[in-house]
1. Identify, by number, the condition in (1) within 16 Å of the ligand (Cβ to nearest atom); (2) modelled with pLDDT of 95 or more that ILE668 doesn't meet.
2. Can you confirm whether segment 287-296 contains a residue that is in a strand (DSSP E or B) and either surrounded by fewer than 23 Cβ atoms within 10 Å (Cβ to Cβ) or small (Gly, Ala, Ser) (or both)?
3. Could you grab me the full set of residues in segment 146-174 that are surrounded by fewer than 18 Cβ atoms within 10 Å (Cβ to Cβ), of a type outside the set (Val, Ile, Thr) and outside any helix (DSSP H, G or I)?
4. In segment 633-665, what residues are within 16 Å of the ligand (Cβ to nearest atom) and closer than 21 Å to GLY524 by Cβ?
5. List every residue pair whose Cβ atoms lie under 6 Å apart, where the two residues are 6 or more positions apart in sequence or sit on different chains, the first residue falls within segment 431-442 and is among the aromatic types (Phe, Trp, Tyr), and the second residue, located anywhere, is crowded, with 21+ Cβ neighbours inside 10 Å and in a loop (DSSP other than H, G, I, E, B).
6. Just one of ALA209, ALA186, ALA222 is away from the ligand (no atom under 13 Å from the Cβ), over 17 Å from GLN262 (Cα atoms) and over 14 Å from the mean Cα position of the chain (by Cα); which is it?
7. Any chance you could count how many residues in segment 584-609 are within 16 Å of the ligand (Cβ to nearest atom) and not in a helix (DSSP H, G or I)?
8. Would you pick out the residues in segment 339-363 that are surrounded by 20 or more Cβ atoms within 10 Å (Cβ to Cβ) and more than 16 Å from the ligand (Cβ to nearest atom)?
Amino acid sequence: MSKSITKILIILCFGLLIVACSPKKEAVKPPIQNPTQDVEVHEEPEMDDVDPVVVFQKASCTGCHVIPGVPGANGTIGPDLSAIGDLAEARLGSSDYSGKADSVRDYIREALMEPDLFLSPECNGAACQAGLMSPSLIKDLSEGEVKAMIDFLAELPNDDLVVVEEPVDVDLTKAPPLTEEEMAEASQIFFDRCAGCHGVLRKGATGPALTPDITLPKGTAALASIIFNGTPRGMPDWGKQGVLSEDQAEMMAKFIQNEPPQPLEMSLEKMMDSWNVIVPVEDRPTEPQHDRDWQDFFAVTLRDAGEVALIDGDTFEVVNHIKTGYAVHISRMSATGRYIYTIGRDGKLALIDTWMKVPDKIAEVQVCYDARSVETSKYVGPEGDFTDKYAIVGCYWPPHFVILDGLTLEPFKVVSTRSYTYDTEEYHPEPRVAAIVASHFRPEWIVNIKETGQVWLVDYVDPINPTIKMIEAERFLHDGGWDSTKRYFMVAANNANTIVVIDALEGELEALVESPAIPHPGRGANWIDPLYGPVWTTSHLGDGALIAIGTDPENHPESAWKVVRNITLPGAGSLFVKTHPNSKWIWVDFGLNSDEKIQRSICVIAKENPTETYRCWEVADYGRAVHFEYNKEGTQIWVSVWGTADQPGKVGEIVVYDDATLEEVARIPNLVTPTGKFNVFNTVEDIY
Ligand code: DHE
């Protein structure tokens, strides 16, 4: 299998090699015939017999590169090779070129055989990574086949060749076989690690679609390499992280070239089987049974422990470790803040009572197999008082949302989100529920349907017969939060590089704002810009940029729903931003950056000079720095160090900073893979 992975790598690096050789040079270097890598090139077919298109497919080049004229070659991991002939010539003459070639053909050959000698600065907006492409990808090719590839590429651009964007016709019977055991193992790994981005049915969302018409032409080697090594555009490096072995990466590559197995549905009856009220409502305390400030509790996700750590924001003591579900994702609070609702990726919802002597879980239920969001009813007004009355869980699989009793978690209403895409009106079998927020103006939840690009306003006055307004927005809706007035909900449509603005007061789409690549706000951050007034901020997964969007159409109409700031960050891969109305800073992490030092760093930007980062630093010497939360007073900010569950001493911790001075105040050690942190007061009040 290492063989296959290595193969992939080669392809990836096509783009990476740009040999610089001035065409005027006299001393002609011989073509690279004895590469340093152990690459064996077979002398076989006559050149005339070789079809370069077949060779590109054989070597899995299609998985990572755009190559006009080659069906299936629309990969975006490596450099776009559409104009590689011209590009090679230009780079050969540039002082940045670090390879040894001095002709276009040598440059391309070098790219195949010693891909890391020169790394292209352009891999779809990011620098190409060393080590992604392996010379062994061409290991099984004959010299004639290699030459055919080189000749083909050297002639690019070629106006007669077009990039084949459409999926190609493939013979599904040619999908690489898996044993029954491998199929079972691969299905589980896919569900645990991959479905979040690619979808259970692999129709694509945050990550690309992985149906056999797309994956088969890419080849097992290229796919296995991507799975093992990750990509600069956000695909995790499962192999390098030690999560998957090389053999497992190859197994997963084969798995995604086969048709996806049909996952199970879940009925209300099945949900009821899992429903468990641990402390009935009548047995619960009527006032807090401890002296702690429960409004300053933090519910901290301990991702790989399947737990929430409830931590006292005043003393930093862990009040309780509460078993919840697999890979807990987020926690949200009831309107009073007394109850915490924690949702795991396995669709298990836990209800925690902060008033108990030792706060603990008081009810639980599983309402789906895969979930990410939970919210509660918060409206108080002429249409009723819905404080602490209902909860809603948004599911990835099955694609539905479920309404539950807020005090007992009894599920009573299931609404499917299977529907039609907002723009092309095509049926989608798996439109997943992304972020959900509770409106402060109406008895409504704002439910974001990822794949169909619709924002649903779900009225919960009569939750058995809910009315739903379906707003056409953009794809694929993911995460978001309120502006400072809580009238406008700002949500990232990450595939369209767009921020969708919903007016919760009027119940309509307010604006679509173009953003840099793959916005990922968490809930975003609100602050007052010295020039543009109230703004909301997001960072990005695909771009080292933090943008601010004007959010005050009344008093700052000229900047409303426009990107008024675009601040350069040290890198892409940012997951979360945060600020507080009392703070001078905007905080930003880089948890998914591919550079180890950057991924454990954070930066602050001064609100009084929002043109550049004020300071950046590494939070720990291991792990990834991820997600921020303030204490109730807004004087301290907590950052998670997301470590590795099975590495003693490096499992993870939380670092607490003084927000005024940026000095470290404390470390809360030995927390297993902490990620999200949710302060009771700030979550109830939507302070961010
Ligand atoms: Fe999240 C929020 C989905 C990966 C940590 N995450 C959300 C929300 C969604 C979502 C839809 C918004 C919920 C809401 O507001 O109602 N997350 C997904 C995915 O589909 C994805 C990309 C892949 C997956 O398989 O889960 C994903 N998320 C991650 C992570 O890898 C993180 C860093 C760690 C983890 O838990 O696996 C992570 N997501 C978080 C956090 C929030 C979140 C901490 C809440 C942010 C907030 O401040 O509200």
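1. Condition (1) is where ILE668 drops out.
2. From segment 287-296, those in a strand (DSSP E or B) are none; that's our starting set.
Within segment 287-296, not a single residue is in a strand (DSSP E or B) and either surrounded by fewer than 23 Cβ atoms within 10 Å (Cβ to Cβ) or small (Gly, Ala, Ser) (or both).
3. GLU155, PRO157, ASN158, ASP159, ASP160, LEU161, GLU165, GLU166, PRO167, ASP169, ASP171
4. GLY634, ILE637, TRP638, VAL639, SER640, TRP642
5. Correct list of pairs: PHE441/ALA504.
6. Of the residues listed, the single one that is away from the ligand (no atom under 13 Å from the Cβ), over 17 Å from GLN262 (Cα atoms) and over 14 Å from the mean Cα position of the chain (by Cα) is ALA222.
7. Result for segment 584-609: 12.
8. Residues satisfying the conditions are TYR339, LEU351, ILE352, ASP353, THR354, PRO359, LYS361, ILE362, ALA363.
The values are calculated or read from the model by the stated rules, or taken from the named source; none is laboratory data. Just so we're clear, the structure is a prediction, and the values are computed from it rather than from any experiment. Reconstructed Cβ throughout: ideal geometry from the backbone, glycine too, with neighbour counts over all protein chains shown.
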